[in-house]
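Take a look at the structure below.
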Amino acid sequence: MEYFKNLPKVRFEGRNSKNPFAFRCYDPDRVILGKTMREHLRFAMSWWHNLGAAGADMFGVGTADKSFGSVGNTMAHARAKADAGFEFMEKLGLEYFCFHDCDLVPEADDISRTGDRLDEIGGYISEKMKATGIKCLWGTANLFNNPRYMNGAGSSNSPDVFCFAATQVKKALDLTVRFGGKGYVFWGGREGYETLLNTDMKLELDNTARLMRLAVDYGRSIGFDGFFYIEPKPREPMKHQYDFDAATAAGFLRAYGLDRDFRLNIEANHATLAGHTFSHEIRTAAVNGMLGSIDANQGDTLLGWDTDEFPFDIYQTTMCMYEVLKAGGLTGGFNFDAKTRRPSNTPEDMFHGYILGMDSFALGLINAAKLIEDGRIEEFVKERYSGWRGGIGACIISGETSLEELAHYAANLGAPEDPGSGRQEYLERIVNEVLFGL
Ligand code: XUL
Ligand code: CO
C-alpha cells in the first residue's frame with residue numbers, strides 16, 4: 001500500500017526549479033571539499049516526530065492524521081508506521097532513521113510483553129532495511145514518558161525504577177545492534193530535579209553515570225562498536241537538567257570516566273534554550289574532542305521552549321556546517337528532531353518540512369565550504385593569536401616558565417602591546433559577502 005499517494009520521489013532539480021517537491025540545493029552526489037553531500041550530511045528521519053507527532057499541545061489534541069490507515073496503539077498501527085516511514089524515507093532520499101523504543105510499538109502493561117513487541121517489530125523493520133538499504137543512525141530508550149519516571153530514570157530515588165530503565169536501555173541497545181546502528185543516545189529526559197529540598201544530587205549524578213556505564217559494558221558485550229552520545233538540554237522537562245549544555249556534559253563524562261565511549265549529540269534548539277548559539281555548542285563539543293552527532297532543528301527565540309522547528313535560518317545552518325567542517329565532520333549525522341507546526345497538518349507538509357530542512361543544511365554546507373575556501377576569517381583568527389607562536393607566548397604554552405618570570409617580563413615591558421581590534425563587523429561582512437555577494 002502506498003501512503004503518500006500523490007507525493008512524488010523528491011529529486012535534485014537545482015536553483016531554477018519551481019517544483020515544490022524538488023531539492024534546489026541538496027544534490028546528494030555533489031562533491032564539496034572532497035566528500036559528497038550525502039556523506040557530509042547523513043540525514044536521518046526521527047521516527048517520533050515524523051510518524052508519531054500529530055500536533056497535540058497542552059491546549060488541544062492533534063490536528064494531523066498519523067494513523068496511516070490503521071487504529072492507533074496496536075501492532076497493526078506499528079507496522080503501518082514502519083511502512084509509511086520507509087516509503088517516506090525512500091521518497092525523500094533519507095538514508096537513515098533514529099528511534100526511541102516507544103516510537104516503534106505501543107507499550108504493554110508488562111515490560112516483558114513490550115520487549116516481545118519490540119522483537120516482533122524489529123524483525124519487520126530489519127526486512128525493510130534490507131530491502132531498501134536504509135540504515136539506523138542511532139537508537140535510544142524513552143525514559144521520560146512513562147509515569148514511573150516521574151522522579152527520573154537513572155537518577156530516580158527508586159532502585160526499582162532504575163531497573164526498569166536498565167531493562168529498556170538493554171532492549172533498545174539490542175535493537176540498535178540488530179539494525180546495525182552506529183550510535184546510541186542518552187538524552188537526559190527526566191534526569192534532573194525540581195527542588196533540592198527533596199534531592200540527593202550526588203547520588204543522582206553517580207547513578208545516572210552508573211546506568212551509562214552498565215549500558216557501555218552491555219553494548220560492548222553484544223558487539224556494539226559505535227559511539228554512545230549524551231544529548232545536552234538545559235530545561236524541559238525538569239527545571240534543572242543534569243545534562244544542561246555541552247560543557248556540563250563533557251565535564252560529567254570525564255568525571256565518570258565515560259569519555260572514551262561517549263560523544264555529544266548537539267541539538268540546535270537545546271543550544272539556544274541553554275543561552276548559547278548552536279555553533280557555540282558544536283565548538284565546545286569539538287574542542288573537548290566530543291563532537292559526535294547533530295539533532296537538526298531550530299528554536300524560536302521568542303518562545304522559551306523546545307519548538308523543534310525545521311531548520312530554515314541559513315545563518316545558523318551555515319555556521320553549524322562551518323564548525324562541523326572545521327572539526328573534520330561528525331561520527332554520526334544530522335537527525336531531523338523536528339516537526340511541522342500544528343496548523344501544517346497534511347502529508348504534504350511532512351514533505352515540505354524535510355525538503356526545507358535538507359535544502360537549508362545543503363545550502364549551509366555549500367556556504368560553509370565557501371567561507372573555508374575564502375580563508376579570510378581563518379586567516380584573521382590565526383593572525384589574532386600569532387603572539388602565541390613565538391616569544392613569551394610560546395614559552396607559556398611550553399610550560400617552561402613561572403609566575404615570577406612572567407611578572408618580571410611584564411615589569412620590564414611597562415605596558416603590553418596593543419592586543420588589536422577584534423574586527424567583528426568586518427568579519428560579519430565577510431560572511432554576508434560570501435553568502436549573498438554583499
Ligand atoms: C527532546 C529530544 C529527544 C532526544 C531523544 O528534547 O530532543 O527527542 O533527541 O530522546
Ligand atoms: Co533531540
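Each value in this text was obtained by applying a stated rule to the coordinates, not by laboratory testing. Computed from a predicted model, the values in this text were never measured in an experiment. Note: ideal-geometry Cβ built from the backbone for every residue, glycine included; neighbour counts use all protein chains shown.
What the table below lists for this structure:
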quantity	calculated
Neighbour-limited loop hits for trypsin sites (Lys or Arg not before Pro), the stretch 193-247 (at most 11 other Cβ within 10 Å; DSSP other than H, G, I, E, B)	Lys239
Förster radius 41 Å - calculated FRET efficiency between Asn157 and Thr331 (Cβ-Cβ, nearest 0.05)	0.75
For the stretch 246-364: relative contact order, % (alpha-carbon pairs under 8 angstrom, 6 or more apart)	25 percent
Footprinting exposure proxy for Thr272, Thr63 (fewest neighbouring C-beta atoms within 10 Å first)	Thr63, Thr272
Theoretical gain in end-to-end length, Ala131 to Ala56 [0.36 nm per residue, Cα-Cα removed]	23.7 nm
Tail fraction, Cα-Cα pairs, the chain, threshold 39 Å, whole percent	25 percent
Net length gained if the chain between Ala407 and Arg213 were fully extended (0.36 nm per residue, minus Cα distance)	65.3 nm
Exposed chymotrypsin sites (Phe, Trp or Tyr not before Pro) absent - longest run of the chain, DSSP non-H/G/I/E/B, at most 10 other C-beta within 10 Å	60-384
log10 of Debye I(q)/I(0), alpha-carbon scatterers only, for the stretch 386-436 at 0.18, 0.29 Å⁻¹	-0.70, -1.12
Total lysine pairs whose alpha carbons fall under 14 Å of each other in the stretch 3-155 (8 or more apart, or interchain)	4
The chain, relative contact order in percent, only Cα pairs under 8 angstrom and at least six apart counted	14 percent
Residue order, fewest to most surrounding Cβ atoms within 10 angstrom, among His240, His276	His240, His276
Spatial separation of Cα centroids for the stretch 256-310 and the stretch 416-438, in angstrom	25 Å
Options Leu205, Ser155, Phe21, ranked by Cα towards positive dipole end of the chain, top entry (Cβ charges)	Phe21
Label-point separation, Leu33 to Arg254 (7 Å along Cα→Cβ), nm	2.6 nm
The stretch 112-170-the stretch 1-31 distance, computed between alpha-carbon centres (Å)	33 Å
Residues Cys136, Cys25, Cys98 arranged by fewest to most Cβ contacts within 10 Å	Cys25, Cys136, Cys98
Positive dipole terminus of the stretch 386-436, leading residue within Gly399, Gly414, Leu427 (C-beta point charges)	Leu427
Separation of the Leu197 and Arg376 label points, Cα + 7 Å toward Cβ, nm	5.8 nm
Coil-residue GluC sites (Glu not before Pro) of the stretch 165-257, DSSP, other Cβ within 10 Å capped at 11	none
Within the chain, helix-based [θ] at 222 nm, where runs of 4 or more DSSP H residues each add -39,500 (n - 2.57), nearest 500	-14500 deg cm²/dmol
Nitroxide proxy distance, nm - points 7 Å out along Cα→Cβ at Arg341 and Glu433	3.6 nm
Test item: Cα-centred dipole of the chain, Lys/Arg +1 and Asp/Glu -1 on Cβ, debye	940 debye
Helical segments meeting 27 Å axial Cα length and Kyte-Doolittle -1.0 threshold in the chain (DSSP H)	111-132, 159-178, 201-221, 347-374
Förster radius 41 Å - calculated FRET efficiency between Asn73 and Phe312, Cβ distance, rounded to 0.05	0.80
